[in-house]
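A short worksheet on the structure shown next.
The values are calculated or read from the model by the stated rules, or taken from the named source; none is laboratory data. Here the structure is a predicted model, which is why all the values come from computation and not from measurement. Cβ placement follows ideal geometry from the backbone for every residue including glycine, while neighbour counts extend to all protein chains displayed. Ligands, DNA and RNA are excluded from the accessible area calculation, which covers all protein heavy atoms including side chains. Shrake-Rupley method; radii C 1.70, N 1.55, O 1.52, S 1.80 Å.
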Amino acid sequence: MTLFDQTELFALGKQGKMRFELPDAEVVLIDGFFNKSASDYYYQTLLAQTPWREYQMPMYDKVVTAPRMIAWFEDAVDPKNPVAPELTLDLKSIRNRVEAQTQLRFNAVLLNLYRNGKDGVSWHSDKTDKSGIDPVIASVTFGETRLFRLRHKTRKDIPVIEIPLHHGSFLLMAGTTNSFWEHQVPKTARDIFPRINLTFRQVIRR
């Protein structure tokens, strides 16, 4: 089965915009942010051409290999001494669309590859050392639909929010979302195709 055939199996969203009414958070979802043709192209290209790598992360009293693969790109500050690979033309094209929607500027992007249902990410808030206390996270998904879950850190009366992120969808987390909420992408026993997620960020230069 070719990559193009695989993308025919990916669920698409309802092509609508939804602003979630959540305390201490600003969360906006746009399904169909990229149409199917563009989503298929970016999925195939990023899957094949991104320099994916595994990485180690601390878990309790040991260090383990994270259940996903990543890649990190930044705008070049000093071409003679780059801190990370510069965004490719495709990544810049995706970013242009994101910036036009948000009216914000982003200078870095983290890509996550969830290879199958065994890959996921546990409950966490994003680190603030590079992006400040309340970073704006602009997230784009290509590939398999995966659940994105949010839970409030202190308000146990608020149920867990579940958001299916479809092929070509866009999710914005802003305001104090990162301070008051945690998020996860749970693993699944279903036999599923890969998912690529891009989170555009505003890295603080020091």
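From largest accessible area down, sort 122, 179, 139; use a 1.4 Å probe on the protein chains.
Order by accessible area, largest first: 122, 179, 139.
Only helices enter the 222 nm calculation for the chain: every DSSP H run of n ≥ 4 contributes -39,500 (n - 2.57), and dividing by all residues gives -5000 deg cm²/dmol, rounded to 500. Taking 21, 144, 99 in turn, the Gaussian network model of the chain (Cα-Cα springs below 10 Å) assigns the largest fluctuation to 21. Shape summary: segment 64-177 maps onto an equivalent ellipsoid whose semi-axes, from the alpha-carbon gyration tensor, are 25, 18, 16 Å in decreasing order. Matching the structure-derived semi-axes √(5λ) of the Cα gyration tensor in Å against the labelled list [x] 36, 19, 16; [y] 23, 22, 19; [z] 35, 26, 12 gives the label [y].
The charge dipole of the chain, taken about the Cα centre with unit charges on the Cβ atoms of Lys, Arg (+1) and Asp, Glu (-1), comes to about 240 debye, rounded to the nearest 20. Pop the C-beta distance of residue 115 and residue 11 into the FRET formula with R0 = 22 Å and round what comes out to the nearest 0.05. Approximately 0.75, to the nearest 0.05. Rounded, prolate or oblate: which fits segment 115-165, taking a ≥ b ≥ c as square roots of the Cα gyration tensor eigenvalues, rounded meaning a/c under 1.5, else prolate when a/b beats b/c? Note, shape of segment 115-165 comes out oblate. Across q = 0.29 Å⁻¹, segment 40-83 modelled as identical point scatterers on its alpha-carbon atoms has Debye log10 I(q)/I(0) values of -0.98, in the order of the q list. Overall shape: prolate for segment 55-126, with the ratio a/c of the largest to smallest alpha carbon gyration tensor axis at 1.5 or above and a/b above b/c. Straight distance only, please: which aspartates and glutamates reach the Cα of residue 92 with their own Cα at less than 15 Å, same-chain residues fewer than 8 apart left out? Leaving aside aspartates and glutamates fewer than 8 places away in the same chain, those within reach of residue 92 are 74, 75. In whole Å, how far is the Cα centre of segment 186-206 from that of segment 81-121? Taking the Cα centre of segment 81-121 as reference, the centre of segment 186-206 is 10 Å away.
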